[in-house]
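Encoded as structure tokens, the structure appears first; notes follow it.
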Amino acid sequence: MVMKKLLRNAASVCAASLICGIGFASAAWAGTDGLSETDGASVRFISYGDKFTVCDTKRDGAAAYNDYFWYDNMGDHRDVNPGSAGSCHTFNHDFPENEAVSFRACEDQPLYPDDCDSWVNRIA
Ligand SMILES: [Ca+2]
């Protein structure tokens, strides 16, 4: 968490000057971004800030959600897009630095098993 704050500060210094180049690049954190998509839902993970953006991509009456876990021993968690088709909602988290995060885009099917993509594994 502290490291991310430092990097955010470093990024804003970089934005304001041209001096940062190599120093900032070598200090880059190890987080990796990712995308999971299924018919009717998409989830994008941005490791910088630990954000999930959950989009409902189909007008079918089924809600889109992000099914995710990380190693907090609390099992699966859900970020449910509260909007309707065409909407996206971003959820902010604060995972430990360099923690493995697994997630998948899902569609909440009232009458059938939920339609989920396969798991995507990334680094927070
Ligand atoms: Ca939908």
Kirkwood hydrodynamic radius (Cα pairs, Å) of the stretch 76-124?
12.8 Å
Hey, fewest Cβ within 10 Å first, where do Tyr48, Tyr71, Tyr112, Tyr65 land in order?
Tyr112, Tyr71, Tyr48, Tyr65
Contact order normalised by residue count of the stretch 31-123, Cα under 8 Å, 6+ apart, percent:
33 percent
Applied in sequence order to the stretch 66-73, the curve 6.51 cos²θ - 1.76 cosθ + 1.60 (Karplus, θ = phi - 60°) yields integer Hz couplings, x standing for Gly and Pro, of 9, 9, 9, 8, 9, 8, 9, 6
In whole percents, the bins of 10 Å from zero upward hold the Cα-Cα pairs of the stretch 31-123 as 19, 52, 25, 4
Can you compute the modelled spin-label distance between Asn98 and Asn73, with each label point 7 Å from Cα toward Cβ, in nm?
2.2 nm
As an exercise, identify the trypsin sites (Lys or Arg not before Pro) in the stretch 59-104 lying in DSSP coil whose Cβ has no more than 12 other Cβ atoms within 10 Å.
Arg59
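All of the numbers you see were taken from the coordinates with simple rules; none came from a lab. Quick caveat: nothing in here was measured; it's all calculated off a predicted structure. For neighbour counting, all protein chains shown are included, and Cβ atoms are generated from backbone atoms with ideal geometry for every residue, glycine included.
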